[in-house]
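These notes concern the structure reproduced below.
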Amino acid sequence: MSFGERVVLQNCSLEVPEGSIICIIGLSGAGKSTILRLLDGLLLPNSGHVYLHQHDICHIRESQLIEMRTKIGFAFQFAALFDSMTVGENVSLPLREHTTLTEKEIHEIAMHTLDSVGLAHTYHNMPSELSGGMLKRAGFARAVVTNPEMVLYDEPTTGVDPIVTHLLTDTIKRLRKELNSTAVVISHDLQSIYMMADYVAMLFEGAIIAYGTVEEVRKSTNPIVQQFLQGSEVGPIPL
Amino acid sequence: MAQVLREVEESPAAHAVERVSVGVLASIGRRVSDSFEYMGGLTMLTWETLKTILRLRIRFAETLNQCYLLGYQSLIIVLLTSLFTGMVFSLESALTAVQYGFGSFVGGIVSYTVVRELGPMLSAVVVAGRCCAAIAAELGSMEVTEQIEALKSLGLAPVRFLVVPRLLALMIMLPLLTIFADVVGVKGGQWIAYVQAHIGTQDFMASARQTVGFDDVVKGLFKSLIFGIVIAMIGAYEGLTTTGGAAGVGKSATNAVVTCIIVIFILNFIMSYFLYAGA
């Protein structure tokens, strides 16, 4: 996968086990968000394939891609709530557009979903009235309101205080359990990764250089992985 | 001779000239390539939008909302612009016409010009300044804050969700605004003709009726319809291709207005040529 002449992902192979939480770690600009966008079909690779339930999503029609996206939730780094709509309207939107539910049912489901992330009281608020942590949780609610099979979280704990980080990490774990879905999380927050991840994959220079359970990756003998996990300036990673 | 030529070719001055020439050619090539890319992208977006409309995949409530935001809220500025343009046009022409004994033609001259050219074009330029920038800035800020990607990730097409309502709103509202602009422009001209040159209301209107036909009004409205499409599509295209954060949004809004006004002037000439030259 490249942007212009800049190659971001090369020889990158990653399998996401169904029903697990997999966290992708790596340096800033390593291509972690690109992987999420490839999984959601927002980007198409220059070469290679992305399979979802054995279907190659790189070679399907736009209408099939849209249908596929309704089964995947995407929680963006800065929530990306539509600022012309209230929080409730944001969360209701996928239901309103993709289901034949009545307005009353949509309201009930949206309220229940907001309640599950502790934001039922913000239903009528505009996104600009919410704090950073609340915005992220509202973004989670919109991502999971249709009960997707897979939820993609782009740096869910970046830029929030430790208490909110803990709350968001808990929310991700709980939502995965409640929805019985798969979660792919991009994060730099090692503590929250250790708390929630079933599997960890480390991306470096466009390829996955370490993959396994939290313990396996923590015990990795790869000096790059160790330098990253220890946050050390000394090591093979060029600064 | 060959020795002299070789020395000239290898001199630093010759190398500098070569570098400058290559630089100029590369710059021209880049601009031409960018222009084609822009036109291609704009055409594809317009085609995609028209296809969505033809499939009747329209969000009616949002279209009405955009009619209010883009059309109704532009009414005052369009009326003021048109009123004063009609008045100043009448001011310039009425006294001279009376002086040379053509006072009875002033109504025709003013309304002919307002209905055929000034009404449609001034309304379009005013709406372009107000709405094209607004569309580009709104969609641009949605692009840089990942809201467009969020729409796609929810399985919603940005063209249907954002572009179609704005296009339809401008296709409906700009011709309506032009009708108001025509009426106000002619009435302003009529008032100034009466105050400054003592041309009676009935004489003014009789001349106007004699000169301006129904087809002139329809052709003026057709121009407005095309201008509405141009404003919506250029604004949307600039917005959806925004990159580079807040600075990029500002750049997109400026580019949208500048491009839009230039295209409106060029298209106005082309349409006037084909609509009126034959007649």
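Where in segment A:1-106 are the helices (runs of 4 or more DSSP H), entirely inside, with at least 2 residues that are over 15 Å from the mean Cα position of the chain (by Cα) and more than 30 Å from A:LEU239 (Cα to Cα)?
Result: A:62-69, A:87-98.
Condition first: farther than 11 Å from B:ILE199 by Cβ, open to solvent by 50 Å² or more (accessible area, probe 1.4 Å) and among the hydroxyl-bearing types (Ser, Thr, Tyr). Now tell me which residues in segment B:86-113 satisfy that.
Within segment B:86-113, B:THR96, B:TYR100, B:TYR112 qualify.
Given the condition touching a strand residue (DSSP E or B) at 6+ places or on another chain (Cβ under 7 Å) and either surrounded by fewer than 22 Cβ atoms within 10 Å (Cβ to Cβ) or more than 16 Å from A:SER2 (Cβ to Cβ) (or both), answer yes or no: does some residue in segment A:52-66 qualify?
no
For segment B:148-204, which positions are closer than 24 Å to B:THR242 by Cβ and among the charged types (D, E, K, R)?
B:GLU149, B:LYS152, B:ARG160, B:ARG166
State all residues of segment B:240-254 that are within 12 Å of B:ALA137 (Cβ to Cβ), among the β-branched types (Val, Ile, Thr) and open to solvent by 30 Å² or more (accessible area, probe 1.4 Å); if no residue qualifies, say none.
Of everything in segment B:240-254, just one residue is within 12 Å of B:ALA137 (Cβ to Cβ), among the β-branched types (Val, Ile, Thr) and open to solvent by 30 Å² or more (accessible area, probe 1.4 Å), namely B:THR254.
Please state which of the following conditions B:ILE266 fails to meet, knowing it meets all the rest: (1) over 23 Å from B:LEU83 (Cα atoms); (2) out of contact with any helix residue (DSSP H, G or I) (no Cβ under 6 Å at 6 or more places or on another chain); (3) at pLDDT below 95.
So the condition that B:ILE266 fails would be (3).
Taking the criterion of being under 18 Å from the mean Cα position of the chain (by Cα) and of a type in the set (S, T, N, Q), would at least one residue in segment B:191-214 satisfy it?
No, that holds for no residue.
Report yes if B:TYR237 is buried (at least 24 other Cβ atoms within 10 Å of the Cβ) and part of a helix (DSSP H, G or I), otherwise no.
Yes.
Quick test for you: out of B:ALA197, B:ALA181, B:ALA193, B:ALA208, pick the one residue that is surrounded by 24 or more Cβ atoms within 10 Å (Cβ to Cβ) and more than 19 Å from B:ILE264 (Cα to Cα). Can you show your working first?
Working: B:ALA197 fails: surrounded by 24 or more Cβ atoms within 10 Å (Cβ to Cβ); B:ALA181 fails: more than 19 Å from B:ILE264 (Cα to Cα); B:ALA208 fails: surrounded by 24 or more Cβ atoms within 10 Å (Cβ to Cβ).
Residue meeting the stated conditions: B:ALA193.
Are any residues in segment B:143-161 open to solvent by less than 40 Å² (accessible area, probe 1.4 Å), farther than 16 Å from A:ARG37 by Cβ and more than 8 Å from chain A (Cβ to nearest Cβ), and if so, which ones?
B:VAL159, B:PHE161
Among residues belonging to segment B:255-279 that are touching a residue at least 60 places away in the same chain (Cβ under 8 Å) and under 14 Å from B:ALA133 (Cα atoms), point out the one that is most open to solvent (accessible area, probe 1.4 Å).
Among those that are touching a residue at least 60 places away in the same chain (Cβ under 8 Å) and under 14 Å from B:ALA133 (Cα atoms), it is B:ASN255.
Any residue in segment A:72-84 that's more than 7 Å from every other protein chain (Cβ to nearest Cβ) and more than 13 Å from A:SER128 (Cβ to Cβ): show its pairings with residues that are part of a loop (DSSP other than H, G, I, E, B) and among the charged types (D, E, K, R) at Cβ separation under 8 Å, as long as the two are six or more apart or on different chains.
Final answer for the pair search is A:ILE72/A:ASP40; A:ILE72/A:GLU149; A:GLN77/A:GLU155; A:GLN77/B:GLU146.
Can you confirm whether B:VAL164 is open to solvent by 10 Å² or more (accessible area, probe 1.4 Å), at pLDDT 95 or above, more than 11 Å from every other protein chain (Cβ to nearest Cβ) and in a helix (DSSP H, G or I)?
So B:VAL164 fails the test.
Looking at the structure I just gave you, is B:ARG116 open to solvent by 10 Å² or more (accessible area, probe 1.4 Å), among the charged types (D, E, K, R) and away from chain A (no Cβ under 14 Å)?
In short, yes.
Kindly state which helices (runs of 4 or more DSSP H) lie completely within segment A:169-239 and contain at least 1 residues that are in contact (Cβ under 8 Å) with a residue 60 or more places away in the chain. If you could, list the steps in order and put the result at the bottom.
Details: elements: A:190-196, A:214-218, A:223-230.
In segment A:169-239, the matching helices (runs of 4 or more DSSP H) lie at A:190-196, A:223-230.
Quick one: would you say B:MET173 is within 11 Å of chain A (Cβ to nearest Cβ) and in contact (Cβ under 8 Å) with a residue 60 or more places away in the chain? Please lay out each step first, then the result.
Working: within 11 Å of chain A (Cβ to nearest Cβ): no; in contact (Cβ under 8 Å) with a residue 60 or more places away in the chain: yes.
For B:MET173, the condition - within 11 Å of chain A (Cβ to nearest Cβ) and in contact (Cβ under 8 Å) with a residue 60 or more places away in the chain - is not met.
Right, B:THR243: part of a loop (DSSP other than H, G, I, E, B) and under 30 Å from B:GLU149 (Cβ atoms) or not?
yes
Residues being assigned to a helix (DSSP H, G or I) and within 19 Å of A:ALA80 (Cα to Cα): count how many of those fall in segment B:112-159.
The total comes to 19.
Given B:LEU80, B:LEU25, which one is surrounded by 12 or more Cβ atoms within 10 Å (Cβ to Cβ) and in a helix (DSSP H, G or I)?
B:LEU80
For segment A:1-51, how many residues meet the condition of being away from chain B (no Cβ under 14 Å) and of a type in the set (A, V, I, L, M, F, W, C)?
16
Here's a check for you: in segment A:86-102, which residue that is open to solvent by 30 Å² or more (accessible area, probe 1.4 Å) and within 13 Å of another protein chain (Cβ to nearest Cβ) is nearest to B:ALA134 (Cα to Cα)?
The qualifying residue nearest to B:ALA134 (Cα to Cα) is A:GLU89.
Can you find a residue in segment A:141-161 that is part of a helix (DSSP H, G or I) and surrounded by fewer than 22 Cβ atoms within 10 Å (Cβ to Cβ)? Don't jump to the end; show me each part of the working.
Going through segment A:141-161, the residues part of a helix (DSSP H, G or I) turn out to be A:141-144.
Remaining after also requiring surrounded by fewer than 22 Cβ atoms within 10 Å (Cβ to Cβ): none.
Scanning segment A:141-161 turns up no residue that is part of a helix (DSSP H, G or I) and surrounded by fewer than 22 Cβ atoms within 10 Å (Cβ to Cβ).
The values are calculated or read from the model by the stated rules, or taken from the named source; none is laboratory data. All figures in this text were calculated on a predicted structure; none of them were measured in a lab. Ideal geometry is used to build each Cβ from the backbone, glycine not excepted, and the neighbour counts take in all protein chains shown. Keep in mind that these areas ignore ligands, DNA and RNA; they rest on the heavy atoms of the full protein, side chains included. Shrake-Rupley method; radii C 1.70, N 1.55, O 1.52, S 1.80 Å.
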